[in-house]
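The values are calculated or read from the model by the stated rules, or taken from the named source; none is laboratory data. Computed from a predicted structure; not experimentally measured. So basically every Cβ, Gly included, is an ideal-geometry build from the backbone, and we count neighbours across all protein chains shown. Protein only, heavy atoms only, side chains kept; ligands, DNA and RNA dropped before computing areas. Shrake-Rupley method; radii C 1.70, N 1.55, O 1.52, S 1.80 Å.
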Amino acid sequence: MAFVVRVMATGVFDLLHPGHVYFLREARALGDELWVVVARDSTARKFKHEPIMPEAARFQMVEALKPVDRAILGHEGNIYDILDEIRPDIIAIGYDQVHSEERILAECRKRGLATKVLRLPKFEGDLVGTRKIVRKVAEWLALQERLTKVERGTARRAADPPPRRRKRNA
């Protein structure tokens, strides 16, 4: 029987972007199977931010990605309880994830797992974070609003009748 190296990656995966794809490809390259834990809405709120996309939509999108062998929704409450279910050989964490490698290792040891924890390198690129995407969209919307105001002002002036000329008394 062949030994399968199971890699686990976790995240919110709100507004999928190239940084997520890079993270999952790199994690998948570490083993034979990639299991991805998609954070619950309550977990996202606790550790990061109010999710833009609901957990069911985020789950569906992650599940459809090519590097992902299996996607599952995380557990509510203790985020480490999922370790008992997946029993990963390797846990890949993103360069910007707040998780402590030491804490993850301690949780694995408590469960009798000899799991390795690897922090993956940063992906360099434009719009590689949900916050960056949100900021860019907000800037774009603000610009559209300013342009609309300018266009309305110009349109109104163009539609106004020309000013009347006063007749001079000779």
The residue that is farthest from D84 (Cα to Cα), considering only those in the range 20-42 that are surrounded by 15 or more Cβ atoms within 10 Å (Cβ to Cβ), of a type outside the set (D, E, K, R) and touching an Asp or Glu at 6+ places or on another chain (Cβ under 7 Å), is G31
Does the range 109-156 hold any residues that are farther than 30 Å from H99 by Cα and at pLDDT below 75, and which are they? T154, A155, R156
Matching option when the condition is over 20 Å from the mean Cα position of the chain (by Cα) and either under 15 Å from L30 (Cβ atoms) or among the charged types (D, E, K, R) (or both), among E102, E76: E102
Of everything in the range 44-64 that's open to solvent by less than 40 Å² (accessible area, probe 1.4 Å) and out of contact with any helix residue (DSSP H, G or I) (no Cβ under 6 Å at 6 or more places or on another chain), which residue is farthest from S100 (Cα to Cα)? A57
Could you list, ordered by first residue, the pairs with Cβ atoms under 7 Å in which the first is in the range 83-102 and assigned to a loop (DSSP other than H, G, I, E, B) and the second is among the small types (G, A, S), at least 6 apart or interchain? D89/G31; G94/G11
